[in-house]
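The block underneath contains the structure these notes are about, expressed in structure tokens.
The values are calculated or read from the model by the stated rules, or taken from the named source; none is laboratory data. On a predicted model such as this, the values are computed, not experimentally measured, just so you know. Cβ placement follows ideal geometry from the backbone for every residue including glycine, while neighbour counts extend to all protein chains displayed.
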Amino acid sequence: MHKHKSSININKIANDRVRILFDTALLNEDNRDYAAYCISEMRKISSHHRIKLSRSVKDRFCRKCNSLLVPGETAEVRILKKGKEILYKCNRCGTKKHIITDIKQ
Ligand SMILES: [Zn+2]
């Protein structure tokens with residue numbers, strides 16, 4: 001394996017793969033196992049290549065079972081603190097996730 005020169009390309013490919021896997025998961029939200037598989041692959045690649053996932057991506061899946069969080073489908077959603085906080089509960093594994101929406105700029 002030659003490590004020199006190709007690292008930029010590999011990082012670009014990894015970035016593309018992360019994006020494609022997330023898009024594929026969203027497109028396959030009805031196929032829950034497949035969507036979760038895409039998310040888990042995406043997370044493997046992102047941690048391996050130290051690619052930071054954006055908040056909008058991280059907020060969309062369960063960190064425990066990789067299930068895509070679809071309100072009313074794969075997740076129970078409760079609005080807390082007058083909409084400043086959203087509580088997601090994964091219907092697959094029961095993990096709860098708080099999302100703070102009250103971000104001051
Ligand atoms: Zn879960």
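Whether a residue is within 16 Å of the ligand (Cβ to nearest atom), of a type in the set (D, E, K, R), at negative phi and surrounded by 11 or more Cβ atoms within 10 Å (Cβ to Cβ) was assessed, and residue 59 passes this test. Pairs are defined by a Cβ separation below 8 Å, a sequence spacing of at least 6 or placement on different chains, a first member in the stretch 11-32 that is more than 13 Å from residue 45 (Cβ to Cβ), and a second member that is modelled with pLDDT under 95 and surrounded by fewer than 16 Cβ atoms within 10 Å (Cβ to Cβ); the pairs so defined are 29/73.
Residues in the stretch 69-88 that are near the ligand (Cβ under 9 Å from one of its atoms) and assigned to a strand (DSSP E or B): 75 alone.
Tell me which residues, restricted to the stretch 37-68, are more than 9 Å from the chain's Cα centre (by Cα) and assigned to a loop (DSSP other than H, G, I, E, B). Matches in the stretch 37-68: 49, 50, 51, 52, 64, 65.
Within the stretch 62-84, residues that are within 15 Å of residue 31 (Cα to Cα) sit with their Cβ atoms under 6 Å from residues that are part of a helix (DSSP H, G or I), at 6+ positions apart or across chains, in these pairs: 66/36; 66/39; 66/40; 67/36; 68/25; 68/35. Scanning the stretch 89-105 for residues that are in a loop (DSSP other than H, G, I, E, B), touching a residue at least 24 places away in the same chain (Cβ under 8 Å) and away from the ligand (no atom under 14 Å from the Cβ) yields a count of 0.
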